[in-house]
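Here the structure comes first, spelled out in structure tokens, and everything after it is commentary.
Just so it is clear, none of the values below were taken in a lab; they were calculated from the coordinates. Just so we're clear, the structure is a prediction, and the values are computed from it rather than from any experiment. Cβ: placed from backbone, ideal geometry, glycine included. Neighbour counts: every protein chain shown.
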Amino acid sequence: MTAVLEARAVRVSRGRAAVLHGVTLSLAAGEALALVGPNAAGKSTLLRTLAGLLRPTRGVVLLEKRPLQAWARGDMARAVALVTSEDEGPGTLAVEDRVALGRYPHRGPLRPLLEGDRAAVRRALQQTGIEPLARRRLGTLSAGERQLATLARGLAQEPRVLLLDEPAAHLDIGHQLRLFRVLDDVRTCGMAVLAVVHDLQRAAAWADRIVLLAGGRIVAEGAPDAVLASEQCARAFDVAVHGHPVPGLAHPLYSFEEPGE
Amino acid sequence: MTDRARRRLVLWILAAALPVAMAAAVALGSVPLPFGPVVASLAAAAGLPSWGAPLDAPGVAILWSVRLPRVLLAALVGGGLAVVGTTLQSVFRNPMADSGLLGVGAGAALGAVLAVRMGWAAHVFLALPLAAFVGAMAAIVIVYLLAHAGGRPSLQGLLLTGIAVSALASAGTSVLLVATEEFRVKTVLFWLAGGLEGRSWAHVKLAAVFILAGVALLGLLSRPLDVLSLGADEAASLGLPVHATRLTIFALAALVAGAATSVAGSVPFVGLMAPHALRPHVGPLARHLIPASFLGGAILVVLADLGARTLSDRLDLPLGSLTAFVGAPYFLFALRASEGRS
């Protein structure tokens, strides 16, 4: 598979301390990749670097074989969408207007909303299941509904690469399942999806591949169950991981314990 | 009622209320002008078929050389300041941001006073508004840099930075005031209080050019403003050049605030009240909120100036004090409401 987005020996420093130490990673079209790791592993930093918001101090990020710096801002925003769980939009903004701002890379400051834009907004609202909320104001939504509105903005952008930072952070189990089903839908249409996921069970169930980041380095990478069962995973989170195969389920159920007993 | 119907209704009400407020402000004053003849005179001047008797000669003189420029200026200043408040609130992502609270008014006043003190204003055409513009721009850039030094500023951090920069600019203004010859002090005091006494058509033209151009350009930046209100990261990931856009908006906001201050002195709280009161009704999108705020701010200052002229028989009250008398309690009330929510 050819890589759409690729990090090569990426190092990112904040002040004098390095947050990422030479991370190499590739993401293919139609791939679902989960980025996991303990707190302060550098997951968000890596995601922001891949989205072009942070510049690597060393190494390079390639989007479709071209370094990010060589991309024009607008072309880049049409190719890569970033969805974070920090939603700071004004509370009086209507959901459909929020989602329509995802068309900005296609419209620029002056072009009106054309039929194609409206269709993209409608599709994004449908896919995320928040069509009934379209006219509501953000301030009246639950945290989970706001999160889905942010995802819908990313989908309305119609990118080729979708980057998500803990997209399920505020969601109840029903909304979580819907969210990951949506991510599955879009990647089967060829979008590359990379998500930072906290819930390891969910990551194993959803992703084609898991990348485990710890201390600013990739310490394990591969098939979900192999990564979760690995010694590196236990060490990174400082836990003991037990997989319990269950007949009829594609992945084992995982339980975690504090180490040393 | 849907949000859209409500927005339309509010915009129509504002669009209808502004001419009514302006007509009332033209007709009322120490010498009341009869309403019918005022309309007849205006219609005749606009080339429309006039009906009824026009004003007598002194009435015409008062209408054209006193009332009309003053009322038009009030509308321009109010509309301009309200749009500045609206745009700054989007950039700072804070509905409590206002040019006055962010030191822009104080910076513009300092620039203007400096121009008067140094005698530039008397010799160089446009020196006064230019100095006010530079002062406004300097204040806003300083507040922006200081407040953003540690990441996203909190409401308190932003307001305290604005207060500190305002105090600094006011201190500079005071020094200039003490060092100013007595015959110029009255001119300088004007900047501190704000007012529209004795404004002429030259001031109207100056304000109209800068304020309308600035507001129109800010209006063209409506969508970038909406994108900015989502936060710097999301704006950047949507392909917006965040810093360049912010600086452009600051320059335009300072242009409008500087022009308004150069003709009216400091008129505080208009930029906070108008958008704050209208946002719940027209929504936060700049393409709706900018025109609504312009109309709302214009109405507010036209009425405030009418009050400044007519509340006391003996003297013109300072316009800036009047908007502060209304605006400061409004601000405190809104602040309490917003703290209660978060």
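Only lysines eight or more places from B:K186 in sequence, or on another chain, were considered; those with a Cα closer than 28 Å are B:K205.
Charge dipole of region B:146-303 (Cα centre as origin; +1 on each Lys and Arg Cβ, -1 on each Asp and Glu Cβ, all else neutral): 200 debye, rounded to the nearest 20.
Dimensions of chain A based on its C-alpha atoms, expressed as ranges along the principal axes with the largest first, amount to 61, 43, 35 Å.
Charging the Cβ of each Asp and Glu at -1 and of each Lys and Arg at +1, and nothing else, the dipole of region A:3-257 about its Cα centre rounds to 1020 debye. Amide hydrogen proximity for A:R11: with H placed 1.01 Å from N in the peptide plane, the residues at 5 or more positions away or on another chain lying under 5 Å are A:G22, A:V23, A:T57, A:R58, A:G59.
The string of couplings for region B:52-61 from the Karplus curve (6.51, -1.76, 1.60, θ = phi - 60°) is x, 7, x, 5, 6, 4, x, x, 4, 4 Hz, one whole number per residue in order, with x for Gly and Pro. Per DSSP H run of at least 4 residues, take -39500 (n - 2.57); add these up for chain A, divide by its residues and hand me the 222 nm value, nearest 500 deg cm²/dmol. For chain A, the value works out to -9500 deg cm²/dmol. The sum of -39500 (n - 2.57) across all DSSP H runs of n ≥ 4, divided by the residue count of chain B, sets its helix-only mean residue ellipticity at 222 nm to -25000 deg cm²/dmol. If you bin all the Cα-Cα distances of chain B at 20 Å, starting from zero, the percentages per bin are 31, 57, 12, 0.
For region B:1-138, take the convex hull of the Cα atoms, compute a quarter of its surface area, and give me that in nm², please.
Value for region B:1-138: 12.9 nm².
What the phi angles of region B:165-174 give under the Karplus curve with 6.51, -1.76 and 1.60, with θ = phi - 60°, is a coupling list of 5, 4, 4, 4, 5, 5, 4, x, 4, 4 Hz, glycine and proline written as x. Which whole-number percentage describes the relative contact order of region A:3-257, with Cα contacts under 8 Å and a sequence gap of 6 or more? Relative contact order here is 25 percent. Based on Cα contacts under 8 Å between residues 6+ apart, region B:1-124 shows a relative contact order of 14 percent.
Note on A:T57 and B:W201: the model spin-label points, each 7 Å out from Cα along the C-beta direction, lie 6.6 nm apart.
Within a straight-line Cα-Cα reach of under 18 Å, A:K65 can be paired with the following aspartates and glutamates, leaving aside sequence neighbours fewer than 8 residues apart in one chain: A:E6, A:E31, A:D75. Extents of the protein assembly as shown, largest first, come to 99, 54, 44 Å (Cα atoms, principal axes, whole angstrom).
Backbone phi angles across region A:27-35, fed through the Karplus curve with coefficients 6.51, -1.76 and 1.60 (θ = phi - 60°), yield HN-Hα couplings of 10, 9, 4, x, 8, 10, 10, 9, 9 Hz in residue order; Gly and Pro are listed as x.
Going by Cα centres, region A:1-73 and region B:89-110 are how many Å apart? Comparing the Cα centres of region A:1-73 and region B:89-110, I get a distance of 38 Å. Counting neighbouring beta carbons within 10 Å and listing from fewest to most, the residues B:H288, B:H243 come out as B:H243, B:H288.
Peptide A:144-156 has a mean shielding of 1, counted as Cβ atoms of other protein chains within 10 Å of each residue's Cβ.
A cut-off of 5 Å between modelled amide H atoms, ignoring neighbours fewer than 5 places along the same chain, links A:L164 with A:V83, A:L194, A:A195, A:V196.
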